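**Q** Take a look at this one; I'll ask things after.
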Amino acid sequence: MENKPHTWETPFENTLASLAENHLLRGLTSTDSGANTSIIQNGKKMLSFGGNNYLGLASHPKLMAASIDAIQTWGVGAGASRLISGNSRLYETLETEIARLKLCEAAVVFPSGYTANVGTLSTLIGEGDLVLFDRLNHASLLDGVRLSKGKLRVYRHKDIKQLESLLFKRPANQKAWIVTDGIFSMDGDIAPLPEIVSLAKQYDAVVYLDDAHATGVLGKEGRGTSEYFSIHSDRIIQMGTFSKALGSFGGFIAGSNTLIQYLINKARSLIYTTALPPAVLAASYAALQLIQEEEGVALRKKLWANTDQLRHALTDLGFDIGDSATPIIPLRVNDTNLALTFSNLLFEAGIAIPAIRPPTVPKGQSRLRMTVMATHTQAEIAYLIQTLKEIGCLSKII
Ligand SMILES: Cc1ncc(COP(=O)(O)O)c(C=O)c1O
């Protein structure tokens, strides 16, 4: 076949070819079902252990009914940005409820968790500020810091000693921010928040806490990492999202009245984009109510029972699940090709668990990222454990 002439797309084609050669090419798989414990992919019914719908709320009848009602009342689109005319009353109700959940004065909803992180960090961090950043923080946090004019210093994962030494060395007049996930999204471990907050007090720093995976999951009431550690500090800016345990969509920041007013005036990812659809806001509000009711408490209890069962079984079998302490359980195989093969073998056995590869995780740390839901049955978890055991033995991982 004749060589294709060089076009402006050739460098992209070369990059894609190189990604494929290194088992790093990504692709989109269509799903023909809701985000439940069973999903349909490529026409096949699969048991899913790969999403973030921890409490099963994404298809909960109460959230669906709230969305349908909102569509009938408000229509499907907001029609404008929040500061123009898209700020439906649903926002106010939702933000009051978020502030209540997070025990803060106020809250503001962003279009997504990603835009909450990018918009807030890039707005708050001033020129020359020191930003101390856990190495395994989510990409959206990094993008937010990169958009600011702060000085980024990455510390080793959860390394409090290194964090303290970086705080200690900074000039007295330099403002400092400590940015951390509450639950780390690819490892499922929990940030040492008590130590971080204590350093923030000692060295006069502000903590930015990404509670995307902790909201609805950690703490008796589902308030997140602060509740889990019984910490209440006005040095913490709490970020969260509705897109994980809360089953809906949209991000938020909770904090003081001043902070929230400042973001409404300055955060570009809030100002220069259309407001969320009413159906989304209504579902989010229904989710917030539900997680604080008896049903939510029961779902959280079941989520943790399922999580403990799977974590213990995998550890007993000899799998490396790192420091996972939450419904996010990584099965570390390290080799990229092995992670892909493992994921494909699981797919053949009817189980959907994604292989997570660089750049989402550091080089040499590829893994299967497993997640548990409150709505998984005992039989489904038992089938997963048995299948992992068979494939693990076959691939000589255990
Ligand atoms: C830790 C963390 N922060 C932020 C986000 C972004 O949230 P969203 O999906 O709502 O944009 C995610 C998930 O994608 C996440 O895992």
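**Q** Report, by chain and number, residues whose modeled amide H sits under 5 Å from the one on Lys151, excluding near sequence neighbours (fewer than 5 apart, same chain).
**A** Gly128, Asp129, Leu130, Val131
**Q** Shifting gears a bit: Give me the dipole magnitude in Debye, nearest 20, for the stretch 305-398 about the Cα centre, with unit charges on the beta carbon: positive for Lys and Arg, negative for Asp and Glu. If you can, show how the numbers build up before the last one.
**A** Numbers: 8 positive and 8 negative charges, 61 e Å.
Computed about the Cα centre, the dipole is about 300 debye.
**Q** OK, next. Among Gly224, Thr180, Ile236, flag the residue with its Cα farthest along the positive direction of the charge dipole of the stretch 172-249, charges on Cβ as +1 for Lys/Arg and -1 for Asp/Glu.
**A** Ile236
**Q** Rounded to two decimals, what ratio of Rg to Rh does the stretch 1-64 give with C-alpha atoms and a Kirkwood Rh?
**A** Values: Rg = 19.1 Å, Rh = 15.4 Å.
With Rh from the inverse mean 1/r over Cα pairs, Rg/Rh is 1.24.
**Q** State, as an integer percentage, the relative contact order of the stretch 61-292 based on alpha-carbon contacts under 8 Å between residues 6 or more apart.
**A** Numbers: 483 pairs, mean separation 71.7, N = 232.
For the stretch 61-292, the relative contact order is 31 percent.
**Q** Roll a 1.4 Å probe over the protein chains and send me the accessible area per residue for the stretch 61-292 in Å².
**A** 42 Å²
**Q** Treating only the Cβ of Lys, Arg, Asp and Glu as charged (+1, +1, -1, -1), what charge dipole size does the chain show about its Cα centre? Round to the nearest 20 debye.
**A** Numbers: 38 positive and 37 negative charges, 119 e Å.
Taking the Cα centre of the chain as origin, the dipole is about 580 debye.
**Q** Heavy atoms only, probe 1.4 angstrom, no DNA, RNA or ligands counted: give me His60, His6, His23 ranked by accessible area, highest first. Please list the in-between numbers first.
**A** Numbers: His60 25, His6 150, His23 70 Å².
The most accessible residue leads, giving His6, His23, His60.
**Q** Further, regarding this structure: Can you compute the modelled spin-label distance between Asn334 and Asp320, with each label point 7 Å from Cα toward Cβ, in nm?
**A** A separation of 0.4 nm, rounded to one decimal place.
**Q** Let me have the 222 nm mean residue ellipticity of the chain computed from DSSP H runs of 4+ only, each contributing -39500 (n - 2.57), with the sum over all residues rounded to the nearest 500.
**A** On the way: 14 runs with 167 residues, N = 398.
Here the helix-only value at 222 nm equals -13000 deg cm²/dmol.
**Q** Further question: Hey, if we sort Leu281, Leu136, Leu103 by accessible area with the 1.4 Å probe, largest down, what's the order? Can you show the working numbers first?
**A** Working: Leu281 5, Leu136 35, Leu103 95 Å².
These residues rank, largest area first, as Leu103, Leu136, Leu281.
**Q** Quick one: which residues, 5 or more positions from Ser81 or on another chain, have an amide H under 5 Å from its amide H? H modelled 1.01 Å from N in the peptide plane, none for Pro or chain starts.
**A** Amide H neighbours of Ser81: Gly86, Ala275.
**Q** Using a 7 Å offset from the Cα along the Cα-to-Cβ direction at both Lys149 and Arg100, what is the distance between the two label points in nm, to one decimal?
**A** 4.2 nm
**Q** With a 1.4 Å probe and all protein chains left in place, how much accessible area per residue does the stretch 329-398 have, in Å²? Write down the numbers at each step before the final one.
**A** Numbers: 2910 Å² over 70 residues.
Here the residues of the stretch 329-398 average 42 Å² of exposed surface.
**Q** Compute the whole-percent fraction of alpha carbon pairs in the stretch 292-366 spaced more than 17 Å apart. Could the numbers behind the result be given before it?
**A** Values: 1563 of 2775 pairs.
Tail of the P(r) past 17 Å holds 56 percent of the pairs.
**Q** Shape call for the stretch 1-146 from the C-alpha gyration tensor, a ≥ b ≥ c root eigenvalues: rounded (a/c under 1.5), prolate (a/b greater than b/c) or oblate?
**A** Values: a/c = 1.92, a/b = 1.31, b/c = 1.47.
Cα axes put the stretch 1-146 in the oblate bin.
**Q** If you don't mind, another one. Give Lys102/Lys158; Lys175/Lys201; Lys45/Lys302; Lys169/Lys201; Lys102/Lys220 a once-over and call out the pairs whose C-alpha atoms are over 19 Å from each other. List each step's numbers first, then the result.
**A** Values: Lys102/Lys158 23 Å; Lys175/Lys201 13 Å; Lys45/Lys302 24 Å; Lys169/Lys201 16 Å; Lys102/Lys220 13 Å.
As for pairs spanning more than 19 Å Cα to Cα, those are Lys102/Lys158; Lys45/Lys302.
**Q** With a 1.4 Å probe and every protein chain kept in, tell me what percent of the accessible surface of the chain is carbon plus sulfur. Kindly include the intermediate steps, with their values, before the conclusion.
**A** Values: 10030 of 18610 Å².
Here it works out to 54 percent.
**Q** Can you list the HN-Hα couplings for the stretch 173-182, worked out from phi with the Karplus curve (6.51, -1.76, 1.60; θ = phi - 60°), rounded to whole Hz and with x for Gly and Pro?
**A** Going residue by residue, I get 8, 8, 6, 10, 10, 10, 10, 8, 5, x Hz, with x marking Gly and Pro.
**Q** Find the eigenvalues of the gyration tensor of the Cα atoms of the stretch 188-330, then list the square roots of 5 times those eigenvalues as equivalent ellipsoid semi-axes, largest first, in whole angstrom. Intermediate values should be presented prior to the final figure.
**A** Numbers: eigenvalues 161, 95, 38 Å².
Taking √(5λ) for each Cα gyration eigenvalue gives 28, 22, 14 Å.
**Q** For Tyr383 paired with Glu294, estimate the spin-label separation in nm (one decimal), with each label point 7 Å from Cα along the Cα-to-Cβ line.
**A** In this crude label model, Tyr383 to Glu294 measures out at 3.2 nm.
**Q** Over all distinct alpha-carbon pairs, what is the Kirkwood Rh of the stretch 61-292 in angstrom? Write out the running numbers ahead of the final one.
**A** Values: mean 1/r = 0.0562 Å⁻¹.
With all distinct Cα pairs of the stretch 61-292 included, I get 17.8 Å.
**Q** P(r) for the chain: what percent of alpha-carbon pairs falls in each 20 Å bin, starting at zero?
**A** With 20 Å bins starting at 0, P(r) equals 26, 56, 18, 0.
**Q** Return the percentage of antiparallel bridges among DSSP beta bridges fully within the stretch 161-253, rounded to the nearest 5 %. Please report the intermediate quantities before stating the final value.
**A** On the way: 4 of 14 bridges.
Roughly 30 percent of the DSSP beta bridges within the stretch 161-253 come out antiparallel.
**Q** Still on this structure, I have one more. Can you compute 3J(HN,Hα) from phi for each residue in the stretch 128-141, using the Karplus curve 6.51 cos²θ - 1.76 cosθ + 1.60 with θ = phi - 60°, rounded to whole Hz and x for Gly and Pro?
**A** The phi angles translate into x, 4, 8, 10, 9, 9, 4, 4, 9, 4, 5, 4, 5, 5 Hz.
**Q** OK, next. Please list, in chain and number order, the residues 5+ apart from Tyr208 or on another chain whose amide H is under 5 Å from its amide H, with Hs placed from the backbone.
**A** Ile178, Val179, Thr180, Ile237
**Q** Taking θ as phi - 60°, what are the ³J(HN,Hα) couplings along the stretch 103-112 by the Karplus curve (6.51, -1.76, 1.60), each to the nearest whole Hz, with x for Gly and Pro?
**A** 6, 10, 5, 8, 8, 9, 9, 9, x, 7
The values are calculated or read from the model by the stated rules, or taken from the named source; none is laboratory data. These numbers come from a predicted model, not from an experiment. Positions of Cβ are backbone-derived with ideal geometry, glycine not excepted, and every protein chain shown enters the neighbour counts. Side chains are part of the model used for accessible areas, which takes the heavy atoms of the whole protein and leaves out ligands, DNA and RNA. Shrake-Rupley method; radii C 1.70, N 1.55, O 1.52, S 1.80 Å.
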